[in-house]
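Participant: Here you go, one structure.
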Amino acid sequence: MTAVLTCAMAFSMMQLFLLGALGPRLVDDLDVSPTVLGLTTTVGFGAAAVLSPAGGRLVDRFGPRRCLVALLLVSALALTLIGTASGSGFLLVAVALGGLPQALANPATNRTILAAVPAERRGPVTGTKQSGVQLGAFAAGLPLALLAGEVGWRGAVWAAAATALVTAVWAARILPADPPPKYAPASWTPRGTIAWLAVYSLLLGSGIASVNTYLALYGVRRLGLGPTAAAALVAVLGVAGIAGRLGWSRVAGRPGRAVWLPGGLAAGAVGSALLLAASAYAHPLAWVAAVVVGVFAVAANAVSMVLVMQRAAPGRAGQDSALVSAGFFAGFAIGPPLFGLLAAAGHYGAGWLLVAGEFLAACVVALLWAARERRPVVPG
């Protein structure tokens, strides 16, 4: 079951990782600008942010198994359409469709874990399934990028679509039947801990999305790497993200330590962005930065999901997961266009400093929340 959940998380964002890893090829083949490349991320995650609250309600109502199968089928369709795109307009429509799988991913996988996994194992299982997102980044940055070198970028995207379809059949066969739905009043605005985590995720997502979208293009245009080597930067980030999510989610499973983790991970992410800025002068630092982004920035989202499951009200796991995810996706929609304006003008260094500022703001929010959580309650 954990393997299926991990694959579902990978395919929920596969189209956007492919657009980042194959960005240099798409920019040339479809004659799109770096700004339009960033706009694909905005459209995809903007759609996910808008759909996430409704996605959480759908999961709570219809059950995680049905929603996970639907997620994989829609992912296959979106990837197929991306592979047939002939211009920026069609590409943006296909990416928008891919917002639905993203909206369903965290609510459906979190509900499955709460229903089928003992409490003491939820942290490690959550880290494993969240590492699926980075598994998708690795697949896009290495095997699919290598395949694109042989059969073209369209063939690589279609291969990913076929794999998503096979995974949908696997999920339908292996996942447990959906439990009877539990009624919970609808809530479209986050409150309490969920609100803090949503703001933190927005700021974190803004920085991560800029790195995901522009790292390969930066490697080609500023560091002198070839398209395959630049895509390997994304793969390195993906592998580091898998390790980070597995490790830090285990730590987050211990409630006493979990409260300070988001701030610490965001602080490490600030360092990764500064390393990227410095890599313009010492190119090997880009590889170190990719590792640090994965270990700290990317891992932080998995820790957020562990905290959501620890604090979700009964019957609201899907909705609360969706509200935090909506913040993360909104950040993914906001970050790349801002970076894209700087990239289009050739100011990559300023772009990485912008990312550092976004991570720093996330760190401040997380530390304020942690201090509030640890403050002793004085009896009235």
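The values are calculated or read from the model by the stated rules, or taken from the named source; none is laboratory data. Computed from a prediction, not measured in an experiment: that's the story for all the values here. Methodologically, a virtual Cβ is constructed for each residue, glycine included, from the backbone with ideal geometry; neighbour enumeration extends over all protein chains shown. For accessibility, only protein heavy atoms count, side chains too; no ligands or nucleic acids. Shrake-Rupley method; radii C 1.70, N 1.55, O 1.52, S 1.80 Å.
Participant: Please compute, over every Cα-Cα pair in segment 286-336, the percentage with a separation greater than 16 angstrom.
Facilitator: Cα-Cα pairs of segment 286-336 separated by over 16 Å account for 52 percent.
Participant: Give the average over all directions of the projected area of the C-alpha convex hull of segment 237-380, one decimal, in nm².
Facilitator: The directionally averaged projection comes out at 10.1 nm².
Participant: If you don't mind, another one. Taking the solvent-accessible surface of protein heavy atoms with a 1.4 Å probe, what is the per residue accessible area of segment 5-108 in Å²?
Facilitator: Ligands and nucleic acids excluded, the result is 29 Å² per residue.
Participant: Okay, next question. In whole Å, largest first, what are the principal axis extents of the Cα atoms in segment 201-241?
Facilitator: Its Cα atoms span 33, 21, 10 Å along the three principal axes.
Participant: Going by average Cβ density within 10 Å per residue, which order do the peptides 228-237, 201-210 take, highest to lowest?
Facilitator: Descending packing order for the listed peptides: 201-210, 228-237.
Participant: Which of the listed residues, A48, T80, G155, is farthest toward the dipole's positive end in segment 37-188, when Lys, Arg count +1 and Asp, Glu count -1 at the beta-carbon?
Facilitator: A48
Participant: While we're here: 222 nm [θ] for the chain, helices only, -39500 (n - 2.57) per DSSP H run of 4+, per residue, to 500?
Facilitator: Per the formula, -27500 deg cm²/dmol.
Participant: Based on the Cβ-Cβ distance from W260 to V93, what FRET efficiency comes out when R0 is 35 Å, to the nearest 0.05?
Facilitator: Once rounded, the FRET efficiency stands at 0.25.
Participant: Round to a whole number: what % of the accessible area of segment 218-325 belongs to carbon and sulfur, probe 1.4 Å?
Facilitator: Solvent-exposed carbon and sulfur of segment 218-325 make up 69 percent of the total.
Participant: More than 17 Å apart: what percent of Cα pairs in segment 111-177 qualify?
Facilitator: Beyond 17 Å sits 58 percent of the P(r) for segment 111-177.
Participant: How large is the dipole of the chain about the Cα centre if only Lys and Arg carry +1 and Asp and Glu carry -1, each at its Cβ, rounded to the nearest 20 debye?
Facilitator: Dipole size: approximately 1200 debye.
Participant: While we're on this one: Hey, any idea what Rg/Rh is for segment 1-160, computing Rh the Kirkwood way over Cα pairs?
Facilitator: 1.00
Participant: Between H283 and R191, what is the label-to-label distance in nm when each label sits 7 Å out along the Cα-to-Cβ direction?
Facilitator: The two pseudo-label positions are separated by 5.6 nm.
Participant: Which number do you get for Rg(Cα) / (2.2 N^0.38 Å) in segment 42-130?
Facilitator: Relative to the rule-of-thumb radius for its length, segment 42-130 sits at 1.21.
Participant: Once you have the Kirkwood Rh of segment 251-318 from its Cα pairs, apply Stokes-Einstein at 4 °C and 1.567 mPa s and quote D in µm²/s.
Facilitator: Using the Kirkwood radius from Cα pairs, D works out to 98 µm²/s.
Participant: Determine, for each peptide in 114-122, 159-167, 267-275, 67-75, the mean count of other beta carbons within 10 angstrom over its residues, then list the peptides with the highest first.
Facilitator: The densest-packed peptide leads the list: 67-75, 267-275, 159-167, 114-122.
Participant: While we're here: When the gyration tensor of the chain is built from Cα positions, what are the square roots of 5 times its three eigenvalues, in whole Å, from largest to smallest?
Facilitator: 31, 25, 17
Participant: While we're looking at this one, here's another question. Give me the one-decimal nm value for the distance between modelled label points at E150 and L30, 7 Å along each residue's Cα-to-Cβ direction.
Facilitator: Simple spin-label model gives 2.4 nm for this pair.
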